[in-house]
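To start, the structure under review is shown below, and the notes come after it.
The values are calculated or read from the model by the stated rules, or taken from the named source; none is laboratory data. Given the structure is predicted, the values throughout are model-derived calculations rather than measurements. Please note: Cβ atoms are built from the backbone with ideal geometry, for glycine as well, and neighbour counts cover all protein chains shown.
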Amino acid sequence: MNIVNNIYSNQLIINLSILFYQTTGISNYAKNLFPYLKHLQPTLLTAERYPEFNYYSVPDNLTPAQGRKGHFNRLLWTQFQLPKIYKQLKSSLLFSPLPEAPLYSNCRFVVMFHDLIPLRFPKRFSPLTPYHRYYIPQVLQQAQHVICNSQATAKDIIDFYQIPDSKITPIPLAHDRTHFHHLNLSTSNYFLYIGRQDPYKNIQRLITAFAALPNCKDYELWLVGPSDSRYTPTLKAQVAELGVANQVKFLDYVPYGELPKIINEAIALVFPSLWEGFGLPVLEAMACGTPVITSNLSSLPEVAGDAAILINPYNTEEITEAMQVIATDLGLRSRLSSQGITHSQQFSWEKTGKATAEVLSRYL
């Protein structure tokens, strides 16, 4: 048998088949959450080894590291192999940190739903559109319960999929407090954005807003996130056209260990996304004591509270004004730094884990 530690019966199994070496939003959630579920004595379905847990080895080709092929492999594995593992381990509940589970099977499951962005901002020919339109609704309807990351996402699940409110529990995410914290470093001259370069992230308006700063030449804009052949060339062309090529830095993917320093030294994190299920960079920046400018839409006001400047992300003038006031008003910058640190302490993976365990316990 492909079972580690000679497990013959386990009520809860946790599907960690998506985990891989590079930290993404969903894998970050899963990695930080499952240690707080240990008292439920789960078996982890994982390609990695976790000696302190019961675990069952699964293929290592089911992750975003393999691109679309990995996604397709995981869906096939979920539908046809996962029910066999569920039966083999004599499980009574599957928990998945993303909205994927075997359909029309005898598996009982609870899933985590992160966002509806592929339906709010559909891309032509993207497989994520039919995935969200046809597969995910079936998963949510057949689930015992649905966990999500914000009240905004819960509303989307109700509005788009007609899932009853009683079947949904919003549980906020958190940040790694040992990693993201104030480092007492001197502030440098750059504004910071962290995230992908998809159009809904609103980087084009951010660049336009930055270029409109009265003393733009005194500052830089650092864009942290993986380059994307679909979008990065357009953004670089825009930067050149606006004459700010020397000030806008495309940093590509930055290793997790280097993020706290980059965040701490920024004038502010500017995160004008048009929609987010949660918005972890906002929370991580506040934990570092870095002022935050973010959108007044979706979950972002829930995450930021009153510890950030909220702007209309469709209004570039508002973004420019917010950046200008942060850059020039040292009192405001200090106040937002303190408020951000205090506000971020309301969020912890321990609280997220305990709330998740409480939901799972209801169905074990």
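Structural remarks
- In this structure, Ala285 does not qualify as part of a helix (DSSP H, G or I), closer than 27 Å to Ile26 by Cα and in the same structural domain as Ser91 (by TED's automatic domain parsing).
- Test result for Arg196, on the phi < 0 side of the Ramachandran plot, out of contact with any Gly (no Cβ under 7 Å at 6 or more places or on another chain) and in the same structural domain as Thr320 (by TED's automatic domain parsing): no
- When residues of the stretch 314-331 are limited to those that are among the hydrophobic types (A, V, I, L, M, F, W, C) and without any contact (Cβ under 8 Å) to a residue 24 or more places away in the chain, the one farthest from Leu221 (Cα to Cα): Leu330
- Screening Tyr104, Tyr50, Tyr55 for residues that are touching a strand residue (DSSP E or B) at 6+ places or on another chain (Cβ under 8 Å) and assigned to a loop (DSSP other than H, G, I, E, B) leaves exactly one candidate, Tyr50.
- Answer residue from the stretch 288-313, given it is in contact (Cβ under 8 Å) with a residue 40 or more places away in the chain and in a helix (DSSP H, G or I) and is nearest to Ile267 (Cα to Cα) among those: Val303
- Residue in the stretch 298-311 that is crowded, with 24+ Cβ neighbours inside 10 Å and either touching a Lys or Arg at 6+ places or on another chain (Cβ under 9 Å) or among the hydroxyl-bearing types (Ser, Thr, Tyr) (or both) present: yes
- Only one entry in Gln151, Gln138 is surrounded by fewer than 21 Cβ atoms within 10 Å (Cβ to Cβ) and either assigned by TED's automatic domain parsing to the domain that holds Phe210 or in contact with a helix residue (DSSP H, G or I) (Cβ under 8 Å, 6 or more places away or on another chain) (or both), namely Gln151.
- Entirely in the stretch 133-245, the strands (runs of 3 or more DSSP E) that have 3 or more residues that are touching a Ser or Thr at 6+ places or on another chain (Cβ under 8 Å): 145-148
- Screening Ser334 against (1) assigned to a loop (DSSP other than H, G, I, E, B); (2) more than 23 Å from Asn32 (Cβ to Cβ) leaves a single unmet condition, (1).
- Qualifying positions in the stretch 203-236 - aliphatic (A, V, I, L, M), closer than 18 Å to Asp252 by Cβ and free of Cβ contacts under 8 Å to residues at least 60 places away in the same chain: Ile203, Ile207, Leu221, Leu223, Val224, Leu235
- Failed item, numbered, when Arg68 is tested on (1) more than 21 Å from Leu173 (Cβ to Cβ); (2) touching a Phe, Trp or Tyr at 6+ places or on another chain (Cβ under 9 Å); (3) part of a helix (DSSP H, G or I); (4) basic (Lys, Arg): (2)
- Candidate set from the stretch 196-248 (those that are within 22 Å of Glu265 (Cα to Cα) and of a type in the set (Val, Ile, Thr)); member that is surrounded by the most Cβ atoms within 10 Å (Cβ to Cβ): Ile203
- For the stretch 255-297, a residue qualifies if it is of a type in the set (S, T, N, Q) and surrounded by fewer than 24 Cβ atoms within 10 Å (Cβ to Cβ), and the qualifying residues are Asn264, Asn296.
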